[in-house]
Amino acid sequence: MSSHVDFVIIGQGLAGTALAWRLLRCGRSVLVADRARGGSSHLAAGLITPVTGKRLAKSWRWDELYPEAVAFYREIEADTGTTFFHQRPALRIYGSEAERDECVRRSTSLLRGLVRPDASVRDDWFLAPLGAFEMGAARLDVPRYLDASREHLRAAGAYLAAEIEPRGIELTATGVRIPSLSVEARVVIFCRGFDADADPWFGAIKFNAAKGEILTVRIPGLAEERVVHRGIWLAPVGIEVFRVGSTYTWDPLDSRPTAEARAEIESRLREFLRLPYEVIDHQAAVRPVIDAGFPVIGRHPHVPQLAYFNGLGSKGSLLAPFFANQLAAHLCGEGGIEEKVNVSRFLVHPQPPGG
Ligand SMILES: Cc1cc2nc3c(=O)[nH]c(=O)nc-3n(C[C@H](O)[C@H](O)[C@H](O)COP(=O)(O)OP(=O)(O)OC[C@H]3O[C@@H](n4cnc5c(N)ncnc54)[C@H](O)[C@@H]3O)c2cc1C
């Protein structure tokens, strides 16, 4: 005897978790299955910043995405009785006079209300001869958010620690059947992040995935509460404990920490940190980048009972709530998918398996 749900979600990273909450809000029944290992969300620093890159660009669609992310995470905090979303200014140390001039100029135009060009920096902690600017920012404690969500789903009978073999999914006249779980559903949504094993339906989508590594360090005497950026970032996570990262490499795409990445992070950290530190952990994961880092969502163009939510790149914390909302509304028959992020774009010549 199979049980029936409206939606099965494969993967409980940032994508699958936000989508599960949104679908539950629409009053639909959901089952989330996650193989409980791997994935990039467990490593994500959860940083959300309005200004990115050397050229001080405003983050893509910040004015729409950020308010939605704040409202979403606050709502889930209230529902789960857990605190994991921290809105706090972040500090960015100027790397050059040109950068400082640009920040001052943009603070009255493109970045008005988002940056304060003359922030204070403790010069016994940090090397910042040109000063720093402060930006309104946030940090999602990703493991805590995912754990609280998982417990909520589990209590509602909507979570299973299980691996779903995509090739084992059977298409039926009204939806799908997953024999290994004895479950039938109207739609299965693939929220699998980066996975080297291509599945038969969405496997044609090409990743530009990027491996990233992060150190955890203890810095005796450092009590900075803001995330500090200077090429890399230093994020407080406990008393005198910080995470610092991250690197970008493209080969090999695995989750093994490397001596090269550790050396790179440490050398960049020493460029602005005056205090001695001790490395206490080192981890790596692969960011699911597709295209230029924009999300990819929607139903399969030929197999509408299969859908996709991926491509969150290096900004899953900011992007997931907005695009989970768009996809959930679409799956519930209440809206379309924007062309730019529509998965159909990436499956130009697809054929149904066997077709
Ligand atoms: C070093 C590093 C630093 C980062 N820092 C930030 C940051 O500061 N801010 C930010 O917003 N983002 C950051 N990111 C990016 C962020 O991690 C991603 O955007 C996000 O985690 C992607 O989420 P996802 O749910 O798409 O994928 P994943 O987190 O990879 O989740 C996919 C899940 O699906 C499961 N799964 C896959 N296949 C199956 C199957 N067949 N059956 C069952 N389960 C399956 C996996 O086990 C996994 O749990 C960082 C990433 C890295 C690597």
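Starting from the Cα gyration tensor of segment 189-235, take the square roots of the eigenvalues, sort them a ≥ b ≥ c, and report rounded, prolate or oblate (rounded when a/c is under 1.5, otherwise prolate if a/b is larger than b/c, else oblate). Don't skip to the answer; put the middle values down first.
Values: a/c = 3.79, a/b = 3.50, b/c = 1.09.
Judged from the Cα gyration tensor, segment 189-235 comes out prolate (a/c at least 1.5, a/b above b/c).
Quick check: the angle from helix 259-270's long axis to the longest principal axis of the chain, C-alpha only, nearest 10 degrees?
Orientation of helix 259-270: about 40 degrees from the principal axis.
Using the Karplus curve 6.51 cos²θ - 1.76 cosθ + 1.60 with θ = phi - 60°, what ³J(HN,Hα) values do you get for each residue of segment 150-164, in whole Hz, with x for Gly and Pro?
4, 5, 4, 5, 4, 5, 8, x, 10, 9, 9, 7, 7, 8, 9
In terms of modelled amide H atoms, which long-range or inter-chain residues lie less than 5 Å from the amide H of I290?
For I290, the qualifying residues are N208, G313.
For the chain, find the longest principal axis of its Cα atoms and tell me its angle to the long axis of helix 14-25, 0 to 90°, nearest 10.
Approximately 60 degrees, to the nearest ten.
Between the helical axis of 316-331 and the dominant principal axis of the chain, each derived from Cα atoms, what acute angle in degrees is found, rounded to the nearest 10?
20
How would M1, M135 line up by accessible area, probe 1.4 Å, largest first? The partial results should precede the final answer.
Working: M1 225, M135 5 Å².
The ordering from most to least exposed comes out as M1, M135.
Give me, ordered by chain and number, the residues 5 or more places off L47 or on other chains with an amide H under 5 Å from its own placed amide H.
Here L140 satisfy the definition.
Loop-only check: which trypsin sites (Lys or Arg not before Pro) in segment 106-159 are DSSP coil with at most 15 other Cβ within 10 angstrom? Each step should come with its number before you reach the end.
Working: sites: R106, R112, R122, R139, R144, R150, R154; in loops: R112, R122.
Passing both the DSSP loop test and the Cβ count: R112, R122.
Which ³J(HN,Hα) values in Hz, rounded to whole numbers, follow from the phi angles of segment 95-111 under the Karplus curve 6.51 cos²θ - 1.76 cosθ + 1.60, where θ = phi - 60° and Gly and Pro get x?
x, 7, 5, 4, 5, 5, 4, 5, 5, 4, 5, 6, 5, 10, 10, 4, 9
Assign unit charges at the C-beta atoms only (+1 for Lys and Arg, -1 for Asp and Glu), then state the dipole size of segment 59-178 relative to its Cα centre in Debye, rounded to the nearest 20.
On the way: 16 positive and 20 negative charges, 20 e Å.
The dipole of segment 59-178 has a size of about 100 debye.
Between A259 and Q87, how high is the FRET efficiency from 1/(1 + (r/R0)^6) when r is the Cβ-Cβ distance and R₀ = 45 Å? Nearest 0.05.
Details: r = 36 Å, r/R0 = 0.80.
So, using R0 = 45 Å, E works out to roughly 0.80.
For the charge dipole of the chain, defined by +1 on Lys and Arg C-beta atoms and -1 on Asp and Glu C-beta atoms about the Cα centroid, which residue among F194, T108, L127 has the Cα displaced farthest towards the positive pole?
Most positive-ward Cα: T108.
Taking amide H atoms as placed 1.01 Å from N in the peptide plane, list the residues 5 or more away in sequence, or in a different chain, whose amide H sits under 5 Å from that of L273.
It is L127, by chain and number.
Any idea what the relative contact order of segment 1-159 is, in percent, if you count C-alpha pairs under 8 Å spaced at least 6 apart? Each step should come with its number before you reach the end.
On the way: 210 pairs, mean separation 45.1, N = 159.
Relative contact order here is 28 percent.
Could you please report the charge total around P304, scoring K, R as +1 and D, E as -1 over all other residues with beta-carbon less than 15 angstrom from its beta-carbon?
On the way: positive: R186, R299; negative: D6.
Net of charged neighbours comes to +1.
Among rounded, prolate and oblate, which fits segment 151-213 when a ≥ b ≥ c are the square roots of the eigenvalues of its C-alpha gyration tensor, a/c under 1.5 means rounded, and a/b larger than b/c means prolate?
Working: a/c = 2.50, a/b = 1.28, b/c = 1.95.
Oblate shape, in that a/c is at least 1.5 and b/c is the bigger or equal ratio.
From the Cα gyration tensor of the chain, with a ≥ b ≥ c the square roots of its eigenvalues, which class applies: rounded if a/c is under 1.5, or else prolate if a/b is larger than b/c, or else oblate? Walk me through the numbers before you get to the answer.
Details: a/c = 1.96, a/b = 1.85, b/c = 1.06.
Prolate.
So for each of 36-45, 315-324 I average, over its residues, the number of other beta carbons within 10 Å; can you give me the resulting order with the highest mean first? Don't skip to the answer; put the middle values down first.
Working: 36-45: 19.5, 315-324: 25.4.
Listed from highest to lowest mean packing, they are 315-324, 36-45.
Karplus couplings for segment 276-286 from phi (6.51 cos²θ - 1.76 cosθ + 1.60, θ = phi - 60°), rounded to Hz, Gly and Pro as x?
Whole-Hz 3J(HN,Hα) from phi for segment 276-286: x, 9, 10, 7, 10, 7, 8, 9, 9, 7, 10.
In deg cm²/dmol and to the nearest 500, what is the mean residue ellipticity at 222 nm of the chain if only DSSP H runs of at least 4 residues count, each as -39500 (n - 2.57), divided by the residue total? Before the final figure, lay out each step's value.
Details: 6 runs with 83 residues, N = 355.
After summing the helix terms and dividing by the residues of the chain, the value is -7500 deg cm²/dmol.
Can you work out the PRE-style zone for E77? Point 7 Å along Cα to Cβ, and I want the residues of segment 1-44 with backbone N under 18 Å.
Taking a point 7 Å out along Cα→Cβ of E77, the residues of segment 1-44 whose backbone N falls under 18 Å are 18.
Among all the lysines, which ones have a C-alpha under 19 Å from K54's C-alpha, if same-chain residues fewer than 8 places away are not counted?
Partners found: K315.
Using +1 at the Cβ of each Lys and Arg and -1 at the Cβ of each Asp and Glu in segment 131-210, identify which of S149, S180, G168 lies farthest towards the dipole's positive end.
Highest projection toward the positive end goes to S149.
The values are calculated or read from the model by the stated rules, or taken from the named source; none is laboratory data. Just so it is clear, the structure is predicted and the values come from calculations on it, not from any experiment. Because the Cβ atoms are built from the backbone with ideal geometry, glycine has one as well, and the counts that use them run over all protein chains shown. Protein only, heavy atoms only, side chains kept; ligands, DNA and RNA dropped before computing areas. Shrake-Rupley method; radii C 1.70, N 1.55, O 1.52, S 1.80 Å.
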